[in-house]
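Here the structure comes first, spelled out in structure tokens, and everything after it is commentary.
Nothing in this text is a laboratory measurement; each read-out follows from the coordinates by a stated rule. Treat the numbers as computed from the prediction; the structure is a model and nothing was measured. Here the Cβ positions follow ideal geometry from the backbone for every residue, glycine too, while neighbour counts run over all protein chains shown.
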Amino acid sequence: MTTALPDSALRTVLTALMLAIFLGALDQTIVAVSLPAISTDFNDVGLLAWVISGYLVAMTVAVPIYGKLGDLYGRRRMILTGTAVFTLASVACALAQNMEQLVLARVLQGVGAGGMVSVSQAIIGDYVPPRERGRYQGYFSSMYALASVAGPVLGGWLTAYLSWHWVFWINLPLGLVALWALHRAMAGLPVTRRQAQVDYLGALLMVLGLGSLLLAISLVGHGQDWRSLPVVGLFAGAGVGLSLLLVHERRFPEPLLPLGLLRNRVAVLCWCAIFFASFQSISLTMLMPLRYQAITGASADSAALHLLPLAMGLPLGAFTGGRLTTRTGRYKPQILAGALLMPLAILGMAFSAPQSTWPSALFMLLAGVAGGLQFPTSLVGTQSAVARQDIGVATSTTNLFRSLGGAMGVAIVSTLLLALLQRGGIALQDDPLLGSLSGSPVDAQAQQQLLEVFRQVLLGSAAVALLALAAAVALPDRQLRGH
């Protein structure tokens, strides 16, 4: 059962939640363009990649923890806590005096953002009937898309005309406004509280297991060899942590991750769909500007603008998918359409030259639409398939798979790109996520060689997208509850 709210109250809550979602998503993109300035200021490149990775890893690990605490103690308290932690950590980032302090503050920022993103979506599950959720989750997906466009532009402007510190200072007024809006919007909402035992050991094991896994994936994505000692050690730590977590969760009366959800066929298949949709969307965000810049010799600014069709397609697909879900009361057709369109769009990218502006932009737009069709509808399908008391943890697990998909997509695609470039004798800067191709000749033969390398990577990505199609085909086609 959901708790009905008047339309005016629901709109107020939705506006406040969209601000929180935007703020958390913005910091995934706004910092990237300021990394060269940060590196120059601190004269340190060793930890530079962790300015981004630390935030993403912390946010991913915090998401399921906030979800369970929201189920136990109420979502209002959790989202206000997450927003406050995020805002205070942003101030710490702006005041950082060295790279170590900045990375630590970014980790705390990610912990706060995990609460803002996860709890916002669970709140919609509390107050909106399943059949209506697609429309609202589509609004949330549009905030991700807006942040992906606004982040680099705003970050570049602040860094160029003020300093990189203002990339974090801007979160102080935005965070305070979000706190005020959330407090005001949710002040009169009913709060469900129940006595329960908090699974602190489960939280610790989850941090150990997922944190080690994501750190290992991030290391590989930044150019580390799979067989290197740090990567092997982190994967071993992940295996131990996750194994102990499964043993512990079977025995604990209030588990952080109810293993019964893993027997829910609809939820598991929706998680697979959103995992691979994120895998493709995030890896394309990394891969396509690099491809455009390497083959055409364009500037970094022009390469970033090359992502606009993808960013435009995401909200378009999310809005369309959400509307269709609300109108038809079904979520499988939208997920299936997105899963079918994604490999076709990636194949189109593989066989169109980046110099061909319109075909390339069209396939990027279609890839964005494909991802947008799957993101909100997969979440709605998951929420509809679980009991009301598990909506929070089911929502946070959905976000967990979304983050894992993005992290693994970047790691696997960048590793494949590195291997193919090295086999072809083409030099790449130390970090494929921060640098661009360098030292390559610009003659026709080199361009053809680079085009073939990126084509092979895209063909591999299209093959991975077929796994999402298999999950979508196997997904049961059920009617959503509510009007």
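Find the centroid of the Cα atoms in the range 16-93 and in the range 238-291, then give the distance between the two in whole Å. Between the Cα centres of the range 16-93 and the range 238-291 lies a distance of 20 Å. Between the helical axis of 332-350 and the longest alpha-carbon principal axis of the chain there is an angle of about 10 degrees. What angle, in degrees between 0 and 90 and rounded to the nearest 10, separates the Cα long axis of helix 200-221 from the longest principal axis of the Cα atoms of the chain? So the inclination is approximately 20 degrees.
Between the C-alpha center of the range 446-462 and that of the range 348-426 there is a gap of 18 Å.
To the nearest 20 Debye, how big is the dipole of the range 264-483 about its Cα centre, given +1 on the beta carbon of each Lys and Arg and -1 on that of each Asp and Glu? Walk me through the numbers on the way to the answer.
On the way: 12 positive and 7 negative charges, 204 e Å.
Using Cβ point charges on Lys, Arg, Asp and Glu, the range 264-483 gives about 980 debye.
Report, to the nearest 10°, how far helix 229-251 tilts away from the longest principal axis of the Cα atoms in the chain, using its own Cα long axis and a range of 0 to 90°. Roughly 10 degrees between the two axes.
Applying 0.36 nm per residue to the separation of LEU201 and ALA470 and subtracting their alpha-carbon distance, the gain on full extension is 93.3 nm.
Counting each DSSP H run of 4 or more residues in the chain as -39500 (n - 2.57), what helix-only mean residue ellipticity at 222 nm follows after dividing by all residues, to the nearest 500 deg cm²/dmol?
Working: 17 runs with 369 residues, N = 483.
So the helix-based figure for the chain works out to -26500 deg cm²/dmol.
Taken over the C-alpha atoms, the range 244-296 has Rg and Dmax values of 18.5, 58 angstrom. Potential lengthening of the chain between ALA160 and LEU259 amounts to 30.7 nm, from the contour at 0.36 nm per residue minus the alpha-carbon distance. The shape of the chain can be summarised by an equivalent ellipsoid whose semi-axes, obtained from the alpha carbon gyration tensor, come to 34, 26, 22 Å from longest to shortest. Placing a pseudo-label 7 Å from each Cα along the Cα-to-Cβ vector at GLN97 and ASN43 gives an inter-label distance of 1.6 nm.
Gain in length, VAL153 to GLN422, computed as 0.36 nm per residue apart minus the alpha-carbon separation, to one decimal in nm?
On the way: separation 269, 0.36 × 269 = 96.84 nm, distance 3.23 nm.
Stretched out fully, the VAL153 to GLN422 stretch lengthens by 93.6 nm.
Compute, for the chain, the length of the dipole vector about the Cα centre, with Cβ point charges of +1 (Lys, Arg) and -1 (Asp, Glu) only. Units Debye, rounded to 20. Mind dumping the intermediate values first?
Working: 28 positive and 19 negative charges, 376 e Å.
Result for the chain is approximately 1800 debye, rounded to the nearest 20.
Cα gyration tensor of the range 199-253, axes a ≥ b ≥ c as square roots of the eigenvalues: rounded (a/c below 1.5), prolate (a/b > b/c) or oblate? Cα axes put the range 199-253 in the prolate bin. The simple spin-label model puts a point 7 Å past each Cα toward its Cβ; for ASP477 and ALA9 those points are separated by 3.8 nm.
Ordered by the number of other Cβ atoms lying within 10 Å of each residue's own Cβ, fewest first, HIS183, HIS248, HIS306 fall into the sequence HIS183, HIS248, HIS306.
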